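Step one of this worksheet: look at the structure below.
The values are calculated or read from the model by the stated rules, or taken from the named source; none is laboratory data. If you're wondering where the values come from, they're calculated on a predicted model, not measured in any experiment. Cβ sites come from the backbone with ideal geometry, for glycine too, and all protein chains shown count toward neighbours. Ligands, DNA and RNA are excluded from the accessible area calculation, which covers all protein heavy atoms including side chains. Shrake-Rupley method; radii C 1.70, N 1.55, O 1.52, S 1.80 Å.
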Amino acid sequence: MSLAIALNVEALALTDEQFFQLCADNRELRFERSATGALTIMSPTGGETGNRNGRLTQQLFNWSDLDGTGIAFDSSTGFHLPNGADCSPDAAWMLLSRWQTLTPQQQTRFVPLCPDFVVELLSPSDNLATTQAKMQEYMASGARLGWLINRRDRRVEVYRPHETFVTLDGPGMLSGDPILSGFSLDLQYIW
């Protein structure tokens with residue numbers, strides 16, 4: 001189980017460099033920053049959530065390696081969204097052509113682009129409404145597909161830009177088509 005603590009530190013007004021340094025100096029924690037500057041500090045996940053997230057990223061990375069059109073990221077990757085928020089989805093993927101527009105220095109920092117595809121795996125301590133708002137933020141920032149996987153209720157919310165999310169009850173597979181052509185996530189390893 002992970003624990004999330006939200007802190008309103010808008011008065012600190014951390015620069016992007018200061019926020020990056022805060023994260024680098026505290027690698028045992030995971031930080032996210034809202035567009036308004038509020039920080040969320042999350043502890044490492046428990047074993048069960050870590051295993052399920054590893055299974056999820058394993059499938060995404062395996063497909064991405066074979067497909068070759070994009071690059072996959074795990075939950076430790078920070079993305080600096082156009083609205084100023086800094087988020088770390090549990091898994092993400094981006095077209096290789098977009099990744100290659102970044103300088104080598106940009107590729108080593110928080111990625112200054114929104115991924116094309118994001119996945120959030122709801123952990124026992126996550127708040128559903130907060131995570132749904134985060135998914136909407138990804139869509140508003142340029143993501144083209146998002147999955148919010150709720151293991152507790154065995155539901156998946158599928159997000160696409162400018163559309164109301166669709167809820168799937170207990171699916172066995174999720175298709176990434178057409179954004180991730182040919183990618184299917186086998187949920188037997190996630191549930």
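Would region 27-35 turn up any residue that is in a helix (DSSP H, G or I) and more than 16 Å from the chain's Cα centre (by Cα)? No; the residues of region 27-35 include none that is in a helix (DSSP H, G or I) and more than 16 Å from the chain's Cα centre (by Cα). Is region 142-152 home to any residue that is open to solvent by 30 Å² or more (accessible area, probe 1.4 Å), in contact with a Leu (Cβ under 9 Å, 6 or more places away or on another chain) and under 25 Å from Leu39 (Cβ atoms)? Within region 142-152, one or more residues are open to solvent by 30 Å² or more (accessible area, probe 1.4 Å), in contact with a Leu (Cβ under 9 Å, 6 or more places away or on another chain) and under 25 Å from Leu39 (Cβ atoms).
Using the structure shown, decide if Gln136 is over 24 Å from Ala38 (Cα atoms) and modelled with pLDDT of 95 or more. When the stated conditions are applied, Gln136 does not pass them. Elements of the type helices (runs of 4 or more DSSP H) sitting completely within region 39-124 and holding at least 2 residues that are farther than 23 Å from Asp186 by Cα and open to solvent by 10 Å² or more (accessible area, probe 1.4 Å): these cover 96-99, 104-108.
Search region 108-117 for residues being farther than 18 Å from Gly68 by Cβ and at pLDDT 95 or above, and hand back the single one that is farthest from the chain's Cα centre (by Cα). Out of the qualifying residues, it is Pro112.
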